[in-house]
Amino acid sequence: MTPWKWTMLSDGWTAAHEAAAIAGGSWRKKVRFWATAVLLEHPSHGPVLFDTGYSSRFFSETARWPMRLYRLFTPVTLTEPRGLVELLRQRGIAASQVKHIIISHWHADHIGGLRDFPAAMLHTHRVAWDSVQGLRGVAALRKAFLPGLIPDDAASRLRWLREGDDVFGDGSLTVLELPGHATGQIGIRFTDERGQAVLLAADACWLSVAFREMRMPHPITRIIHDWASYRQSLVRLHELHRAEPRLLIVPCHCPETAARIAVPHS
Ligand SMILES: [Zn+2]
């Protein structure tokens, strides 16, 4: 089975109190949360994206009320205003070459770049897609969802994924359901070119210490989380970590993940 090459990319970050992200954390300490996306490369399946970062559309879509509240709650700094599409261009990959995007969930920091990839099939969990349909205004805001980020023809490019799916039919990329942070959230698992088993865990937890030590976020985040599902997904990661200590579990926003972000080619 051909392994995947993977490259961690990011076009920006926000910051949050450590105490909100993890039980027992400090309210004085702020953690920088990068919006990461992963470029997956494979000789047969081409460049595949796992999520798409913020893009500058985050700002245009939060310019007016009530969506403006989104950027007040999570002020965003863009490090690449042209977004993920530019980070790929710097690696010699044109947007038109990206034929597959796997969307972990539909929060704005994961779907900001979708409109830049008109040729891509959009792989997602059906309940994740359904959960954001028709959401506008405050109802959308409560789900960290900005409707304007969705390409106009998205519905015609969807492909459903669910637990255990073998995305390309060759066993190289498989799907895990990790709901709780968002309805229908998914992660993916693959082996990389160094033989390392990797699990991209999206936002099933914000910090790696959470799955290692089975530590939930602060209860204040119940406002955005389905608490029981969140716990189940975290238990799943914790048990996977104990059963397979060599499995690299990668939560999207953890600073340990940020340390893997590739420096752009000049
Ligand atoms: Zn996120």
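The values are calculated or read from the model by the stated rules, or taken from the named source; none is laboratory data. Worth saying up front: this structure is predicted, and the values here are computed from it rather than measured. Here Cβ is always computed from backbone atoms with ideal geometry, including for glycine, and neighbour counts include all displayed protein chains.
Quick notes
Listed here are the residues, each with its yes/no results for (1) more than 16 Å from the ligand (Cβ to nearest atom); (2) exposed (fewer than 13 other Cβ atoms within 10 Å of the Cβ).
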site: Val138; (1), (2): yes, yes
site: Asp166; (1), (2): yes, yes
site: Ser172; (1), (2): yes, no
site: Leu176; (1), (2): yes, no
site: Ala182; (1), (2): no, no
site: Gly195; (1), (2): yes, yes
site: Ala202; (1), (2): no, no
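- Any hit, the stretch 18-35, residues being of a type in the set (Lys, Arg), assigned to a loop (DSSP other than H, G, I, E, B) and free of Cβ contacts under 8 Å to residues at least 40 places away in the same chain: yes
- Condition broken by Arg71, with the remaining ones in (1) within 16 Å of the ligand (Cβ to nearest atom); (2) without any contact (Cβ under 8 Å) to a residue 40 or more places away in the chain; (3) touching an Asp or Glu at 6+ places or on another chain (Cβ under 6 Å) satisfied: (3)
- The stretch 110-130, residues that are within 16 Å of the ligand (Cβ to nearest atom), out of contact with any Cys (no Cβ under 9 Å at 6 or more places or on another chain) and within 18 Å of Ala201 (Cα to Cα): Ile111, Thr124, His125, Ala128
- Within the stretch 75-95, one or more residues are buried (at least 24 other Cβ atoms within 10 Å of the Cβ) and within 15 Å of the ligand (Cβ to nearest atom).
- A single entry from Arg246, Arg236 fulfils the requirement of being modelled with pLDDT of 95 or more, among the basic types (Lys, Arg) and surrounded by 15 or more Cβ atoms within 10 Å (Cβ to Cβ): Arg236.
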